[in-house]
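A.B. asks: Have a look at the structure that comes next, please.
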Amino acid sequence: MSITGEHAGKLHQLHQLRRPTFAELYLPKLVTVWREGYGLADVRADVFAGLTVAIVALPLSMAIAIASGVTPDRGLYTAVVGGFIVSLLGGSRFQIGGPAGAFIVLVAVTAERHGVEGVILATLMAGMVLIAAGLLRIGTYIKFIPYPVTVGFTAGIAVIIFASQLRDLGGIALAGKEPSEFVPKLVALAAGLHTINPSAVAVAIVSIAVIAGLRRWQPSWPGILIAVVLAAVATAVLSLPIETIGSRFGGIPRELPSPVLPAFSLAKATAVLPDAISFALLAAIESLLSAVVADGMTGRRHRSNCELVAQGAANIGSALFGGICVTGLIARTATNIRAGARGPLAGMLHSVFLLLFMLIAAPLASYIPLAALAAVLVVVAWTMAEKHEFATLLRSSWGDAVVLLATFGLTIFRDLTEGILVGFALGAVLFIHRMAEMTGIEERSPLVAADRPDDGNGERVPYDPALAIDRDVLVYRITGAFFFGAASAIGNVLDGIAEQRKGLVVDFAAVPFLDSTAANVLGRLAAKAHRQGIRLFITGASPAVRRALLTHGVTPPRARYRTTIERAVADIKGGAALSVADDTAAI
């Protein structure tokens with residue numbers, strides 16, 4: 001494929017910019033936002049967004065910690081301390097940090113092997129690895145993790161999370177310790193089916209129904225928190241014979257612990273080193289993927305290496321306060337943006353609000369039934385499974401299907417790290433094969449855009465939150481070679497469009513080329529948008545990119561092509577009838 005002379009010229013000009021300094025590349029976005037001008041209206045918007053995210057994060061943080069094999073308070077420590085540092089030092093304006101469902105498997109296995117102290121030490125060491133990776137500027141290349149690998153291990157983790165919650169969902173009593181391996185776990189749970197607690201099953205079913213119902217009919221309501229509160233009230237009022245946070249863990253503390261270094265020895269550090277590397281690898285992938293999603297939703301641009309340094313500092317801070325692994329969270333970051341956040345203060349306030357909730361409502365947490373928290377994680381697993389993307393990759397090509405199934409199977413039946421490494425190796429071979437088929441790419445066009453300083457690049461404009469929260473139009477921009485992560489991100493964005501949205505604009509101005517997998521994803525996106533009555537516009541696509549999209553079904557009337565985002569938004573707002581001739585003229 002070839003790149004237009006104008007696009008290549010822009011890329012050449014970028015390379016002629018002065019080399020950014022260390023301070024410019026690692027300057028926290030908090031400082032950038034402050035320099036751009038941050039007024040009272042921005043503070044009010046960030047307070048509301050932070051409160052909204054905190055309400056979502058409160059039950060999730062406890063549920064993830066319990067599923068990870070540690071006490072619920074450690075999940076709250078992670079969200080409070082780690083989440084605050086991520087927003088304070090991060091290279092992404094909207095990133096929300098905290099404990100993630102993706103870490104449940106790794107943390108649980110580490111806790112079983114090395115105890116809670118081992119988990120905390122591994123988290124501290126993972127933070128050091130992340131800081132080193134950021135300072136060595138490795139974050140730029142983590143974007144090359146193949147898309148089938150991310151979908152495969154995410155789906156595998158979702159299956160494992162679901163299996164890990166079966167015991168609490170049914171209130172099953174086991175004779176011995178629950179096995180951590182997938183197949184032995186299912187065998188042990190099957191042997192204990194005769195001990196199912198009907199009250200626990202009822203609480204779990206009602207909790208899932210409340211969450212699903214509110215997501216469908218009242219999506220702006222905090223469904224997870226409402227379900228957990230209702231379950232706690234019912235358990236206390238009806239004196240249901242089921243396990244609660246109080247009966248299993250004795251409740252949660254009403255204050256943060258004092259920071260303390262975890263127990264350290266060379267032998268212990270050597271033993272947990274593989275786990276620390278796994279923590280760091282997954283944290284890097286999850287946080288940068290979340291930052292990419294935030295970029296696409298807002299039109300801003302994160303600095304990946306600064307973000308890795310912040311994630312590293314957050315993991316170290318979490319470990320000092322007894323927390324577990326921290327990473328960027330796609331769902332909570334998207335919630336933050338949709339709530340109208342203007343800058344990192346929203347993420348910092350989310351942590352402050354969580355701390356206040358913990359100080360005030362800690363005694364009430366004792367009544368929360370574990371069946372309700374298990375129901376929350378079942379919903380999380382269902383959401384994170386990326387079912388549509390999984391099916392798309394299976395149908396797209398044999399190469400993507402092999403990488404996907406290998407990663408998925410190894411994650412479930414072997415080990416998450418092994419699944420990622422094998423999947424990455426297979427994906428690299430597939431990537432090389434696809435690159436060999438491409439010709440005529442401008443030699444000055446980078447496959448992955450390097451980090452640039454916030455100031456002095458001549459392209460920055462003040463952040464306008466209107467497009468991020470516009471009820472009529474959703475704008476999504478893709479940057480760099482469209483191979484892997486962006487495909488999943490665009491699918492997630494389309495799924496999040498409310499029915500009252502009139503249009504979706506996908507900007508390809510900074511995309512040098514895309515492969516058949518990405519084109520297939522856009523084709524399915526166009527078909528789905530057409531069925532839902534959403535007007536899809538493609539802007540800034542080069543002739544080569546446009547040909548690939550047209551070949552895979554991204555054609556009028558399913559999708560319209562325009563030269564700029566402004567033109568597409570104006571057409572959507574104007575609502576004028578569009579013809580094929582209009583598209584041809586715009587192209």
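The values are calculated or read from the model by the stated rules, or taken from the named source; none is laboratory data. These numbers come from a predicted model, not from an experiment. Every residue, glycine as well, gets a Cβ built from its backbone with ideal geometry; the counts of neighbours run over all protein chains shown. For accessibility, only protein heavy atoms count, side chains too; no ligands or nucleic acids. Shrake-Rupley method; radii C 1.70, N 1.55, O 1.52, S 1.80 Å.
A.B. asks: Tally Lys/Arg at +1 and Asp/Glu at -1 over every other residue whose Cβ is under 14 Å from the Cβ of VAL422; what's the total?
C.D. replies: So the environment of VAL422 carries a net charge of -1.
A.B. asks: Further question on the same structure: If each of VAL201 and ALA527 carries a label point 7 Å out from its Cα toward its Cβ, how far apart are those two points in nm?
C.D. replies: It works out to 3.9 nm between the two label points.
A.B. asks: Something else: Which links in LYS185/LYS387; LYS528/LYS573; LYS177/LYS268; LYS29/LYS528 stretch past 27 Å when you go from one Cα to the other?
C.D. replies: Where the Cα-Cα span goes over 27 Å, the pairs concerned are LYS29/LYS528.
A.B. asks: Specify whether the C-alpha gyration tensor of the range 168-249 places it in the rounded, prolate or oblate class, a ≥ b ≥ c being the square roots of the eigenvalues: rounded for a/c under 1.5, otherwise prolate if a/b is larger than b/c and oblate if not.
C.D. replies: prolate
A.B. asks: Another question, if that's okay. Mind checking the dipole of the range 293-352: about its Cα centre, +1 per Lys or Arg Cβ, -1 per Asp or Glu Cβ, Debye to the nearest 20?
C.D. replies: 200 debye
A.B. asks: May I pose another question? Of ASN315, VAL293, PRO262, which is farthest along the charge dipole of the range 238-332 in the positive direction, counting Lys and Arg as +1 and Asp and Glu as -1 at C-beta?
C.D. replies: VAL293
A.B. asks: Based on the inverse mean of 1/r over its pairs of different Cα atoms, what is the Kirkwood hydrodynamic radius of the range 230-348, in Å?
C.D. replies: This gives a value of 17.6 Å.
A.B. asks: Among ALA102, GLY171, SER87, pick out the residue whose Cα is farthest towards the positive end of the charge dipole of the range 74-205, where Lys and Arg carry +1 and Asp and Glu carry -1 on C-beta, about the Cα centre.
C.D. replies: SER87
A.B. asks: Let me ask another. Which length gain, in nm to one decimal place, applies between ARG547 and ARG254 when the Cα-Cα distance is subtracted from 0.36 nm times their residue separation?
C.D. replies: Gain on stretching ARG547 to ARG254: 99.5 nm.
A.B. asks: Find out how many positive minus negative residues lie around PRO253, taking Lys and Arg as positive, Asp and Glu as negative, among other residues whose Cβ is under 13 Å from that of PRO253.
C.D. replies: 0
A.B. asks: Can you give the accessible area per residue of the range 24-167, in Å², using a 1.4 Å probe?
C.D. replies: On a per-residue basis, the range 24-167 sits at 30 Å².
A.B. asks: In addition: Rounded if a/c is under 1.5, else prolate if a/b is larger than b/c, else oblate: which is the range 124-230, with a ≥ b ≥ c the root eigenvalues of its Cα gyration tensor?
C.D. replies: It is oblate, given that a/c is not under 1.5 and a/b is not larger than b/c.
A.B. asks: Quick one: give the max-minus-min coordinate of the C-alpha atoms of the range 291-410 along each principal axis, largest first, in Å.
C.D. replies: Ordered largest first, the range 291-410 gives principal extents of 54, 39, 30 Å.
A.B. asks: Using a 10 Å cut-off on Cβ atoms, rank the peptides 381-387, 352-358 from the highest mean neighbour count down.
C.D. replies: 352-358, 381-387
A.B. asks: With the contact rule set at Cα under 8 Å and sequence spacing of 6 or more, what percent relative contact order holds for the range 68-123?
C.D. replies: With pairs under 8 Å counted, the relative contact order is 40 percent.
A.B. asks: Next question, about the same structure. Going by average Cβ density within 10 Å per residue, which order do the peptides 301-312, 257-268, 112-123 take, highest to lowest?
C.D. replies: In decreasing order of mean packing, 301-312, 257-268, 112-123 become 301-312, 112-123, 257-268.
A.B. asks: With a ≥ b ≥ c the root eigenvalues of the C-alpha gyration tensor of the range 54-165, is it rounded (a/c under 1.5), prolate (a/b larger than b/c) or oblate?
C.D. replies: On the way: a/c = 1.40, a/b = 1.20, b/c = 1.16.
Taking the square roots of the gyration eigenvalues as a ≥ b ≥ c, the range 54-165 is rounded.
A.B. asks: Then there is this: Using the eigenvalues of the Cα gyration tensor, what equivalent ellipsoid semi-axes result for the range 107-174 when each is taken as the square root of five times the eigenvalue, whole Å, largest first?
C.D. replies: The answer is 30, 21, 6 Å, longest axis first.
A.B. asks: Can you give the accessible area per residue of the range 184-276, in Å², using a 1.4 Å probe?
C.D. replies: Values: 5580 Å² over 93 residues.
With the other protein chains kept in place, the range 184-276 gives 60 Å² per residue.
A.B. asks: Additional query: Compute the relative contact order of the range 20-111 as a whole-number percentage, counting only Cα pairs closer than 8 Å that sit 6 or more residues apart in sequence.
C.D. replies: Contact order relative to length: 33 percent.
A.B. asks: Next question, about the same structure. With each label point set 7 Å from Cα along the Cα-Cβ vector, what nm distance links GLU112 and ARG215?
C.D. replies: In this crude label model, GLU112 to ARG215 measures out at 2.7 nm.
A.B. asks: Taking the alpha-carbon centroid of each part, what is the distance from the range 62-77 to the range 329-353 in angstrom?
C.D. replies: Cα centroid of the range 62-77 versus Cα centroid of the range 329-353: 21 Å apart.
A.B. asks: Which value, in debye to the nearest 20, describes the size of the charge dipole of the range 15-64 about its Cα centre when Lys and Arg Cβ atoms bear +1, Asp and Glu Cβ atoms bear -1, and nothing else is charged?
C.D. replies: Computed about the Cα centre, the dipole is about 200 debye.
A.B. asks: May I pose another question? Ranked highest first by the average count of other Cβ atoms within 10 Å around their residues, in what order do 241-252, 81-92 fall?
C.D. replies: Most protected by this proxy first, the peptides run 81-92, 241-252.
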